[in-house]
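Presented below is the structure to which this report refers.
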Amino acid sequence: MTGTLVGIGVGPGDPALLTVAAVDALRSADVVCYHAKPGGTSHARAIAEQYFRPDQMHELLEYPVTTGTHPDGYAAALAGFYTEITERLSAHLDAGKTVAVLSVGDPMLYSSYQHLARLLGDYPQRIIPGIPSVTAAADALGMPLAEEDEVLSIIPATLSEDALHASLATCDTAVFMKLGRNFPKVKKVLAEQGLLHRAYVAVKVGMEGQRTCRMDEADPADMPYFSVAVVPTAHDVRSDLGGEDVEKPKGSVTVVGLGPGAARWTTPEVSRALREATDIVGYTTYVKRVPERPGQVRHLSDNRVEAERSEHALQLAREGKRVVVVSSGDPGVFAMASAVLEVQHTRGYEDVPVHVLPGMTAAQAVASRVGAPLGHDFALISLSNRLKPWDQVTRRVRAVAGADMAMAIYNPASKKRTWQVQEFKDIVLEYREPETPVIVARAVGSPEEHVTITTLGELDPSVVDMRTMLVVGASTSVAYSTDDGPRVYTSRYYGTPEWGEKPSQ
């Protein structure tokens, strides 16, 4: 009769935290197995040994360590380790014995048992859940780990800085496993993300010497392997672990770009900023694109009051609020970033932190719909003369047209501005052939999206409205047909292949 492999989670450290099922399974096992590094002791055994029977067999599974020297490399050493212990445990299972493998925490969360479960998958198995350090750390802190619709991520601290940043961008709360010597890297990333004031460290949870503290007060030199970093819910930030309120973090303004229209084009970084904001400030149309959240205050305004909106946001931040100012597309492209920074600089708000988070531009979205019309040098020009005189607009149009660059035209028309497109067309025709490709894109990213490809000569100004963007090609822009529809690209090459050489004088 074949024996059964049992994975037993022994919890984070305190023997009292083993479940009743774990104790029963442990006491009924014929063979008890636990991991340890060569010459070391098994933490799993130390937790569970008070529940051992005197007549049980024991298997110490000594695994190679990553910091050691391995003649054939660490991968080969690890492969040899698993081959050897699989043979040992298979012999017990073939003899009909119940083999229990102990795992610190839970057997299915960053556990060595997982590998054995795969290698011994032909044998009957049973898995006993254990309390993981993820939840034990939050319990030790006495702080909620996640509430309501918050997204919790469990992140290995061994990831690169870029991967840590990316992981944090998609969650509301987080726990970093395998902290230890990765502490400085995790602390640096949390500081760069503006989350250090919410971060805590839990060391040796459930073990002798358990302690917790704020991450910015922790000693990097005293951070053992059994440590985790916790970024708990934003609803409960405290100065110590006894429940007293902290001095509230300094308010700030974050200017974000929602992208051109589709929710999928809003970046995870921007989405997190929106979730964590106390106040949302912006033009009514854009604020309504932001999902409403309980307790969050929304400040809607007209599209023609950028300076007033900016000062309102900065004043809210000075009062300690986490303010997000929303723009469509990218906040630095004909949007709110420059307005907020100008007010900060000219009206005495230098004490208020201002951050800018990028978004996908409308020009990028429109270009992607037809291919790559902006594939070479290009310019972005607004035809609006509300903030600059029309003669300045025409000088810039002439300069770009004369330089033979593709151009993306923002704000080509509005209810009160209906003549600029015709004048723009007339100017560009002085420099470009009538066959030059033109993309007329309306409401890209919305259900009303409509994109057509025409030519400069055939462009009908009457079809252009305030929700339209124009992309005008250069002399190297080409429109052609495919089975999937028309495509436009602007070649990156000019003339014969002698580019890259210094022009002759």
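The values are calculated or read from the model by the stated rules, or taken from the named source; none is laboratory data. This one's a predicted model, so the numbers in the text were calculated from it and none came from an experiment. Note that we place each Cβ from the backbone using ideal geometry, even for glycine, and neighbour counts take in every protein chain shown. Just so you know, the surface numbers come from the protein's heavy atoms only, side chains and all, with ligands and any DNA or RNA stripped out. Shrake-Rupley method; radii C 1.70, N 1.55, O 1.52, S 1.80 Å.
Once you reduce segment 306-381 and segment 127-187 to the center of their Cα atoms, the two points are 31 Å from each other.
The spread of Cα positions in segment 363-490, taken along each principal axis and listed from longest to shortest, comes to 44, 34, 23 Å. When Asp404, Asp222, Asp94 are compared by accessible surface with a 1.4 Å probe, the order from highest to lowest is Asp94, Asp222, Asp404.
For Lys185, the solvent-accessible surface computed with a 1.4 Å probe is close to 50 Å², ligands and nucleic acids excluded.
For GluC sites (Glu not before Pro), the sites in segment 337-424 that DSSP calls loop and that have at most 16 other Cβ atoms within 10 Å are Glu350. Note on segment 11-162: percent of Cα-Cα distances in each 5 Å bin, starting at 0 and stopping at the bin with the largest distance, equals 2, 8, 15, 19, 19, 15, 11, 7, 4, 1, 0. Within the assembled protein chains, the solvent-accessible surface assigned to Arg45 is about 80 Å², based on a 1.4 Å probe. Near the amide H of Thr436, within less than 5 Å, lie the amide hydrogens of Leu456, Gly457, all on another chain or at least 5 residues away, with H placed in the peptide plane.
Simple point charges give the picture: +1 on the Cβ of Lys and Arg, -1 on the Cβ of Asp and Glu, and for segment 329-419 a dipole about the Cα centre of about 560 debye. Sum -39500 (n - 2.57) across every DSSP H segment of at least 4 residues in the chain, then divide by the residue count to get the 222 nm mean residue ellipticity, nearest 500. -8000 deg cm²/dmol, from helical runs alone. Solvent-accessible surface of protein heavy atoms, probed at 1.4 angstrom with all chains present, puts Tyr110, Tyr410 in the order Tyr110, Tyr410, largest first. Here the mean projected area of the convex hull built on the C-alpha positions of segment 252-360 is 5.9 nm². Charged side chains reduced to their Cβ positions (Lys and Arg at +1, Asp and Glu at -1) give segment 135-231 a dipole of some 440 debye around its Cα centre. Out of every Cα pair in segment 258-300, what percent are spaced more than 14 Å from each other? Tail fraction, whole percent: 44. The mean accessible area for residues of the chain, using a 1.4 Å probe and ignoring ligands and nucleic acids, is 49 Å² per residue. Legend: residues His35, His376, His115, sorted from most to least accessible area (1.4 Å probe; ligands, DNA and RNA excluded), read His115, His376, His35. Of the whole protein surface, Glu449 contributes about 60 Å² of accessible area at a 1.4 Å probe radius.
Return the long-range amide H neighbours of Val101 (sequence gap of 5 or more, or a different chain), with a cut-off of under 5 Å between placed amide H atoms. For Val101, whose amide H was placed from the backbone, the distant partners under 5 Å are Val6, Gly7, Ile8, Cys33. Every pair of different Cα atoms in the chain enters the Kirkwood calculation, which places the hydrodynamic radius at 27.6 Å. Measuring how big segment 135-231 is from its alpha-carbon positions, Rg and Dmax come out at 12.3, 36 Å.
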